[in-house]
Structure formats: structure tokens, C-alpha cells
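K.L.:
Please see the structure below; I have some questions.
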């Protein structure tokens, strides 16, 4: 018995778990493997869902920022340019041509 207690003292926690698992019947090993596997799969699935949800939110925010920045900006600038054309008539075209050259 003294030799057995010395052996147990030399084993790490993982070694003791491996010994316990190795002594189990095959059906119990299969059940433990399935339970641990399902638990890890659920955790991994939740992590992936959070990552996908975060990426999806980021994509939606980027698209909305792009639309808010471009569509109204384009409408405002086109409206302003139209008002300038109304005020200054054909001379606005000459101003634009001079600015581009």
C-alpha cells in the first residue's frame, strides 16, 4: 500500500484524471466524450455567433454610414449646384471650366 500511495503522490492532476477515465467502462467513456463534445460545440457555436453578429453589425453600420455620407451629400451638392446655375446662368459653366483647368 505504501508504494501505491507514493505513486499517487507522483501523479499530476491530469494524470489522475487520465487514470480515472481509463478505468471507466467503454459506455461511460463514450457518454463522457459525447457530453464534453456537445458542451464544447455549444460554447464554440455561441462564440462564432457572437463574432458573426458583431461583423454583421459592423457591415450594416459601414453601409449606413456610406449611404448617409454619400446620398444626402450628393443631393445637397447637386441642389446647391442647381441653385448656382439658376442665379448665375451660363457663367457658372465658365467658372467650373476655369476651376478644372
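Values quoted throughout were computed directly from the atomic coordinates according to the rules given, and no laboratory measurement underlies them. What you are looking at is a predicted structure, and each value in this text was computed from that prediction instead of being measured. In this analysis, Cβ positions are derived from the backbone assuming ideal geometry, glycine residues included, and neighbour counts consider all displayed protein chains.
K.L.:
To the nearest 10 degrees, how steep is helix 26-88 against the longest Cα principal axis of the chain, on a 0 to 90 scale?
P.N.:
For 26-88 against the chain, the angle is about 10 degrees.
K.L.:
Expressed as a fraction of 2.2 N^0.38 Å, the rule-of-thumb size for a compact globular protein of N residues, what is the C-alpha radius of gyration of the chain?
P.N.:
2.80
K.L.:
Okay, moving on. To the nearest 10 degrees, how steeply does helix 91-100 sit against the main Cα axis of the chain, on a 0 to 90 scale?
P.N.:
The angle comes out near 50 degrees.
K.L.:
Mean residue ellipticity at 222 nm from the helices of the chain, using -39,500 (n - 2.57) per DSSP H segment of n ≥ 4 over the full residue count, to the nearest 500 deg cm²/dmol? Provide the component values of the computation, followed by the final result.
P.N.:
On the way: 4 runs with 93 residues, N = 101.
It lands at -32500 deg cm²/dmol.
K.L.:
If each of residue 38 and residue 74 carries a label point 7 Å out from its Cα toward its Cβ, how far apart are those two points in nm?
P.N.:
Taking the two extended label points, one gets 5.3 nm.
K.L.:
How much length is gained if the chain between residue 57 and residue 8 is pulled fully straight, taking 0.36 nm per residue apart and subtracting their Cα-Cα distance, in nm to one decimal?
P.N.:
Using 0.36 nm per residue and subtracting the Cα-Cα distance, I get 12.4 nm.
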